[in-house]
Amino acid sequence: MRLTKQDCIDMDQRDPLAACRDRFTLPQDEVYLDGNSLGAMPAHLPARMQQAIAGEWGTGLIRSWNDAGWIDLPQRVAAKVAALIGASADEVMVGDSTSVNLFKALSAALRLNPGRKVILTEEGNFPTDLYIAQGVAELFGAEIRYVPSDASAVADALDDSVAVLMLTHVNYRSGRVYDMAGITRQAQAAGALCIWDLAHSAGALHVELNACSADFAVGCGYKYLNGGPGAPAFVYVARRHQELVRQPLSGWHGHAQPFAFVKDYQPAPGINRMQCGTPPLLSMLALDSALDVFDGVDMAQLRTKSQDLCDLFIRLVDERLGEYGFGIGSPRERELRGSQVALTHPEGYAIVQALIARGITGDFRMPDILRFGFAPLYVRHIDVYHTVDVLAQIMASGEWNQEKFLTRKAVT
Ligand SMILES: *Cc1c(COP(=O)(O)O)cnc(C)c1O
């Protein structure tokens with residue numbers, strides 16, 4: 001039996017997380033399936049930012065470093081992030097971008113494993129991760145070994161030359177999720193350190209860094225953590241490595257005594273040494289406040305809802321889009337998938353543009369992927385139904401096949 005609109009309305013009524021949607025402001029009638037690229041805005045943020053700008057900055061001026069607690073804001077935000085990724089508060093630092101944190105983590109890991117010169121990664125990794133690895137390799141005289149996006153290819157390539165295995169937990173295109181515990185164990189057994197990029201995991205999946213005995217991780221503040229465009233990212237260093245870690249961006253905020261103004265760099269104890277310079281305070285305040293939408297949210301329940309939404313989407317695509325030439329570019333097994341589903345279609349770009357014109361926002365990734373992110377805090381089952389319904393209309397009418405949808409914009 002085909003699923004009906006009423007079935008999806010019933011699913012929303014049974015959804016234990018349904019009320020979380022009210023914690024966000026979304027445009028009227030918007031179906032937002034791009035929270036994996038830029039999270040939606042938490043409803044309480046404008047008032048908080050008004051107070052931060054007019055009050056803390058405008059009135060408090062430089063006194064706010066002490067009076068409003070700006071100086072240890074990164075640590076407070078880190079504690080909130082740590083709770084979402086199975087880490088301790090003193091193992092996470094928030095600041096800089098994911099790319100910059102990856103640079104720090106990769107450099108630190110290479111230094112912890114002297115004598116080995118290979119950075120192992122997959123060729124389908126997110127480009128910035130590969131670009132940063134290339135920059136680090138040049139600097140350290142290391143070499144990059146690329147393998148196909150496949151756990152057994154990764155395992156086969158682990159030998160005694162590999163210093164660091166660098167992987168993204170959830171693939172940005174396909175949504176395929178790696179077995180973090182198993183791969184970390186294999187890497188460590190081969191004498192390598194492991195760096196996990198959690199850009200598409202943090203805030204969407206149940207991540208357990210410490211239970212997996214992870215070494216390093218990085219992740220993004222503006223995707224499922226909803227910190228706003230360009231929000232600070234995070235870096236995790238397992239406690240057992242911290243006192244040995246040296247990262248090359250040795251700025252004053254990572255110094256043992258930033259306000260002693262001494263001549264020589266001395267790293268701060270523990271995770272604080274992963275900081276560099278003054279953080280973007282307004283963005284940090286926004287991320288801090290945005291993370292409150294996770295208050296009281298059970299991460300296992302969140303993961304279940306995300307899997308339910310993705311399963312529903314795939315089922316509706318199977319039932320209703322069979323004749324239009326779409327492929328499913330994500331694993332069909334829910335345990336092997338993050339919080340997104342990729343469809344493939346040769347006219348993917350124009351189809352996504354036609355969807356956006358109808359108030360449904362997904363995105364397009366080269367060469368032929370229509371990517372739909374299902375942020376479980378605010379996407380409803382009825383949104384999934386509506387999306388596939390409109391996709392069927394766009395395909396049946398040929399509505400996508402217009403000049404205005406076929407011309408590529410700068411940001412896809
Ligand atoms: C989104 C994303 C990034 C973003 O990096 P920035 O430095 O914040 O631009 C990095 N890695 C992966 C895997 C991503 O998905």
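The values are calculated or read from the model by the stated rules, or taken from the named source; none is laboratory data. Just so we're clear, the structure is a prediction, and the values are computed from it rather than from any experiment. For neighbour counting, all protein chains shown are included, and Cβ atoms are generated from backbone atoms with ideal geometry for every residue, glycine included. Surface accessibility is based on the protein's heavy atoms, side chains included, excluding ligands, DNA and RNA. Shrake-Rupley method; radii C 1.70, N 1.55, O 1.52, S 1.80 Å.
When region 48-294 is described by a simple charge dipole with +1 on each Lys and Arg Cβ and -1 on each Asp and Glu Cβ, the residue from PHE216, VAL262, LEU84 located farthest towards its positive end is VAL262. Rounded to the nearest 0.05, the FRET efficiency derived from the C-beta distance between ALA18 and ASP179 at R0 = 35 Å is 0.70.
If I take R0 = 22 Å and measure r between the Cβ atoms of SER152 and TYR324 in this structure, what FRET efficiency does the formula 1/(1 + (r/R0)^6) give, to the nearest 0.05? Plugging the Cβ-Cβ distance into 1/(1 + (r/R0)^6) gives 0.05. Candidate cross-link partners of LYS223 among the lysines, defined by an alpha-carbon separation under 23 Å and a same-chain spacing of 8 or more, comprise LYS80, LYS104, LYS305, LYS409. Straight-distance candidates among the aspartates and glutamates for linking to LYS117, with alpha-carbon spacing under 15 Å and chain neighbours fewer than 8 residues away dropped: GLU138, GLU143, ASP159, ASP160.
Net length available on complete extension from ILE144 to GLN51 is 28.8 nm, with 0.36 nm assigned per residue and the Cα-Cα distance removed. The dipole here belongs to the chain: it is taken about the Cα centre, uses +1 on the Cβ of Lys and Arg and -1 on the Cβ of Asp and Glu, and is about 620 debye. The label-point distance for ARG111 and ALA43, in a model that sets each label 7 Å from Cα toward Cβ, rounds to 4.7 nm.
Relative to the current alpha-carbon distance between ALA190 and SER397, full extension at 0.36 nm per residue lengthens the span by 69.0 nm. Sorted on the mean count of surrounding Cβ atoms within 10 Å across their residues, most packed first, peptides 345-356, 28-39, 226-237, 295-306 read 226-237, 345-356, 28-39, 295-306. The separation of region 350-412 from region 175-237, counted between C-alpha centres, amounts to 29 Å.
Here the accessible area is traced with a 1.4 Å probe on the protein chains. For the chain, carbon and sulfur cover 54 percent of it. Here r is the Cβ-Cβ distance between LYS409 and SER99 and R0 is 22 Å; the resulting FRET efficiency, rounded to 0.05, is 0.45. Helix 180-189 and the longest principal axis of the C-alpha atoms of the chain enclose an angle of approximately 40°. Just to confirm my numbers, what's the Cα centroid distance between region 1-57 and region 120-147 in Å? A separation of 36 Å, based on Cα centres. Looking at region 48-294, the DSSP beta bridges with both ends there are about 35 percent antiparallel. Highest average first, the peptides 253-262, 271-280 ordered by how many other beta carbon atoms sit within 10 Å of their residues are 271-280, 253-262.
Solvent-accessible area per residue in the chain equals 41 Å², computed with a 1.4 angstrom probe and all protein chains kept. Derived scalar couplings between HN and Hα for region 329-342 equal x, 10, x, 7, 7, 5, 6, 9, 10, x, 9, 9, 10, 9 Hz in order, rounded to whole Hz, by the Karplus curve 6.51 cos²θ - 1.76 cosθ + 1.60 (θ = phi - 60°), x for Gly and Pro.
If you sort VAL177, VAL384 by accessible surface, 1.4 Å probe, largest first, the order is VAL177, VAL384.
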